[in-house]
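Peer 1: Structure in structure tokens, see below.
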Amino acid sequence: MRPLRVLLVEDNPVYRRLIEKLLTGSQYPSFDVTSVDRLSAAFDSLDRQSFDVVLLDLLLPDSEPHETFFRLRSRAPDTAIVIQTGFDDVTLASKAVEGGAQDYLIKDRIGRVGLVRSIRYAVERMRARGAEWASGMFHLAQQQFLKAAYIVELDDNVRQRLLFPERAQVAALPFRRDEHGEVETVFGYRVQHVLAMGPTKGGIRYHQGVDLGEVAALAMWMTWKCALMRLPFGGAKGGIRINPLDLSRTELQRLTRRYTLSFIDIIGPDMDIPAPDMGTNEQVMAWIMDTYSHRVGYTVPAVVTGKPVVLGGSQGRTEATGRGLVYCIIEAARHLGLDLGQCTATVQGFGNVGAHTARFLRENGVKVIAVSDVSTAVYNAEGLDIDDLDAYVARRRFLEGYPGGEHITNSELLELPCDILALAALQNQVTIDNVQRIDCKILAEGANGPTTLEADDVLRERGIFVLPDILANAGGVTVSYFEWVQGMQNFMWTLEEVNTRLHTIMTDAFRRTLTRAEKEGTDMRTAALIEALDRVRQAELLRGLFP
Ligand code: NAD
């Protein structure tokens, strides 16, 4: 292996010598170090030759601390950058990490092992950007995690472990189309992020945009979600890169059974328990359960959750995510002193989560003035009739053509003035491009990853109260846990039992998160992550490393 080429940008001669000494002593890998003490000199070096990694001090004589990283990143977009910060400034270091630095090191704590490993991982991570992991969502999940890890001073071994999933499997899935028996092959994924907490748990998504990075991000968020809710699961997620709307019911069934068979060795009621996500539903879960049961020779209801009630599904599972989201909104409104009876809401997405959210908001006195789906958005200042919308979508599948309101675009919906904006469609909806025009008091993330990092900062500055996804949409996995418990023990709970327990768990998680946010002086998203991370850290360290 050739030496790794390191550009060390450091104006303090003591640290410069220390790092040079530490790197020179390393053999596997070995390093070829070029040292400079100015940012301008770093640019000159980058013009002359390429480097595998830049070790960057943020405090340099010829650059403002908060600009140093971004100036270097724009000059070397494809080079790994490891920040060295001489003071515990969480904002500065985390800004660089959020902006795409691969790692950071606190100078006073630098030792050879940590330094060499950090460089090696940074280079690996940079390489991975070009492969299947290349996904804005995975990047977002990793940066959110790194920020929280920094704040809680997470053990470095645990930090490196949690940055990537523990197990990821990719499969090519051939299935027969209806027309002329043609065979089509698509890609399927199952990713398990943390195996230390119990079985893993997470939905399966059918969408044309699915890739390994997206599934890995969702699996990571599932870990935090389960930990925040104190459920005995690690996070997982699965998906198939296909537009399910292009498939007939029989094609969907064949593909689902093929997916189940391909991943049968890594799913199971004690191992990894799938559930519905975007593009899948209780029928898909029934096919997975049936395929798995045929394979093992007896019926195993607990292999999936979100299945039909008649097959062992739980009362209240279908609407649980929307219900949980509204429980959180009620708590947030109480905290902010808002009277829900006087509030308006807009809901992006009118599928499982969005439609139930709209219904429960309505039931709590909120006037729902706009909803949308992939086809259109509908706005009515007087309030929409949710029953009528449900009936229309049941008949026509999409909101397109709905007569009860004015049709606007999805981007217009996001910017409508309202008290509560519930996002229940896709990731990446509130971005730096539209965040200044978001006009709500509570932003409730029913969808996973709907807000980008940069937009998050602006929401915080603007005082918009964000209910972060790992808290706000955790009602689904919570009732999935109830379903799994019922399945493992052949219990049947009533709807009232389910809803009461869900309410207790959601409000407890909301209050813990709010208390954490107030104590740490941070936003709700970081607080929720810290709360979750604390639990995962304890579990990882208590179990230790084997062998
Ligand atoms: P779904 O497939 O039932 O509904 C998705 C909705 O979003 C549909 O109305 C669809 O038309 C709409 N949509 C798709 N693309 C859109 C676009 N570009 N603009 C506007 N709307 C668009 O899915 P779901 O189960 O309701 O999941 C929605 C989100 O909630 C996803 O991010 C999912 O990961 C998350 N989530 C779901 C659950 C659950 O229990 N179903 C749990 C936690 C999180």
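Conditions tested, residue by residue: (1) touching a Pro at 6+ places or on another chain (Cβ under 8 Å); (2) open to solvent by 40 Å² or more (accessible area, probe 1.4 Å).
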residue: Tyr259; (1), (2): no, no
residue: Asp265; (1), (2): no, yes
residue: Met271; (1), (2): yes, yes
residue: Ala275; (1), (2): no, no
residue: Glu282; (1), (2): yes, yes
residue: Thr291; (1), (2): no, no
residue: His294; (1), (2): no, yes
residue: Tyr298; (1), (2): no, yes
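Peer 1: May I pose another question? Which residue pairs have Cβ atoms closer than 6 Å, lie 6 or more positions apart in sequence or on different chains, and pair a first residue in the stretch 458-482 that is free of Cβ contacts under 8 Å to residues at least 40 places away in the same chain with a second residue that is open to solvent by 10 Å² or more (accessible area, probe 1.4 Å)?
Peer 2: Listed pairs, sorted by first residue: Leu459/Val466.
Peer 1: Quick check on this structure: which one of Arg159, Arg129, Arg167, Arg176 is closer than 24 Å to Leu542 by Cα and open to solvent by 50 Å² or more (accessible area, probe 1.4 Å)?
Peer 2: Details: Arg159 fails: open to solvent by 50 Å² or more (accessible area, probe 1.4 Å); Arg129 fails: closer than 24 Å to Leu542 by Cα; Arg176 fails: closer than 24 Å to Leu542 by Cα.
Answer to the selection: Arg167.
Peer 1: Which condition from (1) in contact with a strand residue (DSSP E or B) (Cβ under 7 Å, 6 or more places away or on another chain); (2) at pLDDT 95 or above; (3) open to solvent by 30 Å² or more (accessible area, probe 1.4 Å); (4) polar (S, T, N, Q) is the one that Gln208 breaks?
Peer 2: Tallying (1) in contact with a strand residue (DSSP E or B) (Cβ under 7 Å, 6 or more places away or on another chain); (2) at pLDDT 95 or above; (3) open to solvent by 30 Å² or more (accessible area, probe 1.4 Å); (4) polar (S, T, N, Q), Gln208 fails exactly one: (2).
Peer 1: Okay, moving on. How do the strands (runs of 3 or more DSSP E) wholly within the stretch 369-470 filter down when requiring 3 or more residues that are under 28 Å from Asp523 (Cα atoms): which remain? I'd like the intermediate steps shown before the answer.
Peer 2: Values: elements: 377-379, 406-408, 420-423, 442-445, 465-467.
Of the strands (runs of 3 or more DSSP E) lying wholly inside the stretch 369-470, those with at least 3 residues that are under 28 Å from Asp523 (Cα atoms) span 420-423, 442-445, 465-467.
Let's see how each residue does on (1) of a type in the set (A, V, I, L, M, F, W, C); (2) more than 9 Å from the ligand (Cβ to nearest atom); (3) open to solvent by less than 20 Å² (accessible area, probe 1.4 Å); (4) at pLDDT 95 or above:
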position	(1), (2), (3), (4)
Ala370	yes, yes, yes, yes
Ala377	yes, no, yes, yes
Asn380	no, yes, no, yes
Leu389	yes, yes, yes, yes
Tyr392	no, yes, yes, yes
Arg396	no, yes, no, yes
Gly401	no, yes, no, yes
Leu413	yes, no, yes, yes
Cys418	yes, yes, yes, yes
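Peer 1: Something else: Identify all residues within the stretch 421-440 that are away from the ligand (no atom under 16 Å from the Cβ) and buried (at least 17 other Cβ atoms within 10 Å of the Cβ); write none if there are none.
Peer 2: Residues of the stretch 421-440 away from the ligand (no atom under 16 Å from the Cβ): 432, 435-437, 439-440.
Of everything in the stretch 421-440, those that are away from the ligand (no atom under 16 Å from the Cβ) and buried (at least 17 other Cβ atoms within 10 Å of the Cβ) turn out to be Val435, Cys440.
Peer 1: Restricting to the stretch 331-348, what's the tally of residues that are out of contact with any Ser or Thr (no Cβ under 7 Å at 6 or more places or on another chain) and either part of a loop (DSSP other than H, G, I, E, B) or buried (at least 18 other Cβ atoms within 10 Å of the Cβ) (or both)? Let's see the steps before the verdict.
Peer 2: Keep residues of the stretch 331-348 that are out of contact with any Ser or Thr (no Cβ under 7 Å at 6 or more places or on another chain), which gives 332-346.
Filter once more, so that each one left must be either part of a loop (DSSP other than H, G, I, E, B) or buried (at least 18 other Cβ atoms within 10 Å of the Cβ) (or both): 332-333, 337-340, 343-346.
Looking only at that region, the number is 10.
Peer 1: Taking the options Phe187, Phe145, Phe138, Phe175, name whichever one is part of a strand (DSSP E or B), touching a helix residue (DSSP H, G or I) at 6+ places or on another chain (Cβ under 7 Å) and either in contact (Cβ under 8 Å) with a residue 24 or more places away in the chain or closer than 23 Å to Ile242 by Cβ (or both). Lay out the reasoning, then the answer.
Peer 2: Working: Phe187 fails: touching a helix residue (DSSP H, G or I) at 6+ places or on another chain (Cβ under 7 Å); Phe145 fails: part of a strand (DSSP E or B); Phe138 fails: part of a strand (DSSP E or B).
When all the criteria are applied, what remains is Phe175.
Peer 1: From the list Glu531, Glu520, which one is of a type outside the set (Val, Ile, Thr) and surrounded by 17 or more Cβ atoms within 10 Å (Cβ to Cβ)?
Peer 2: Result: Glu531 is the single residue among Glu531, Glu520 that is of a type outside the set (Val, Ile, Thr) and surrounded by 17 or more Cβ atoms within 10 Å (Cβ to Cβ).
Peer 1: Continuing with this model, one more query. Could you say whether any residue in the stretch 319-328 is of a type in the set (Asp, Glu), open to solvent by 20 Å² or more (accessible area, probe 1.4 Å), without any contact (Cβ under 8 Å) to a residue 40 or more places away in the chain and within 11 Å of the ligand (Cβ to nearest atom)? Full working, then the answer.
Peer 2: Narrowing the stretch 319-328 to residues of a type in the set (Asp, Glu): 319.
Next, from what is left, pick out any that are open to solvent by 20 Å² or more (accessible area, probe 1.4 Å): 319.
Checking which are without any contact (Cβ under 8 Å) to a residue 40 or more places away in the chain leaves us with none.
No; the residues of the stretch 319-328 include none that is of a type in the set (Asp, Glu), open to solvent by 20 Å² or more (accessible area, probe 1.4 Å), without any contact (Cβ under 8 Å) to a residue 40 or more places away in the chain and within 11 Å of the ligand (Cβ to nearest atom).
Peer 1: Limited to the stretch 46-68, what total is found for residues that are assigned to a strand (DSSP E or B) and out of contact with any Phe, Trp or Tyr (no Cβ under 8 Å at 6 or more places or on another chain)?
Peer 2: The initial filter retains those residues of the stretch 46-68 that are assigned to a strand (DSSP E or B), namely 53-57, 60, 63.
Filter once more, keeping what is out of contact with any Phe, Trp or Tyr (no Cβ under 8 Å at 6 or more places or on another chain): 53-55, 60, 63.
Looking only at that region, the number is 5.
Peer 1: Residue by residue through the stretch 441-459, note down the ones that are at pLDDT 95 or above and open to solvent by 20 Å² or more (accessible area, probe 1.4 Å).
Peer 2: Across the stretch 441-459, the qualifying residue is only Lys441.
Peer 1: Then there's this: Are any of the residues in the stretch 104-127 among the small types (Gly, Ala, Ser), more than 19 Å from Leu8 (Cβ to Cβ) and modelled with pLDDT under 90?
Peer 2: For the stretch 104-127, residues among the small types (Gly, Ala, Ser), more than 19 Å from Leu8 (Cβ to Cβ) and modelled with pLDDT under 90: absent.
Peer 1: Would you please list the contacts, defined by Cβ atoms under 8 Å and residues six or more apart or on different chains, that run from a residue in the stretch 255-281 that is among the charged types (D, E, K, R) to a residue that is in a strand (DSSP E or B) and open to solvent by 40 Å² or more (accessible area, probe 1.4 Å)?
Peer 2: Cβ pairs passing all conditions: Arg258/Pro174.
Peer 1: Take the residues of the stretch 337-368 that are farther than 18 Å from Glu445 by Cβ and among the polar types (S, T, N, Q): which is farthest from the ligand (Cβ to nearest atom)?
Peer 2: Gln342
Rundown of residues vs (1) at pLDDT 95 or above; (2) open to solvent by less than 10 Å² (accessible area, probe 1.4 Å); (3) farther than 28 Å from Arg127 by Cβ; (4) not hydroxyl-bearing (Ser, Thr, Tyr), yes/no style:
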site: Gly181; (1), (2), (3), (4): no, no, yes, yes
site: Glu184; (1), (2), (3), (4): no, no, yes, yes
site: Tyr189; (1), (2), (3), (4): yes, yes, no, no
site: Leu195; (1), (2), (3), (4): yes, no, no, yes
site: Gly203; (1), (2), (3), (4): yes, yes, yes, yes
site: Val215; (1), (2), (3), (4): yes, yes, no, yes
site: Met220; (1), (2), (3), (4): yes, yes, no, yes
site: Pro232; (1), (2), (3), (4): yes, no, yes, yes
site: Gly238; (1), (2), (3), (4): yes, yes, no, yes
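Peer 1: Checking Glu483 against (1) more than 11 Å from the ligand (Cβ to nearest atom); (2) out of contact with any Pro (no Cβ under 9 Å at 6 or more places or on another chain), which single condition isn't satisfied?
Peer 2: (2)
The values are calculated or read from the model by the stated rules, or taken from the named source; none is laboratory data. All figures in this text were calculated on a predicted structure; none of them were measured in a lab. Glycine gets a Cβ as well: all are built from the backbone with ideal geometry, and neighbour counts include every protein chain shown. Just the protein is used for accessible areas: all its heavy atoms, side chains included, with ligands, DNA and RNA removed. Shrake-Rupley method; radii C 1.70, N 1.55, O 1.52, S 1.80 Å.
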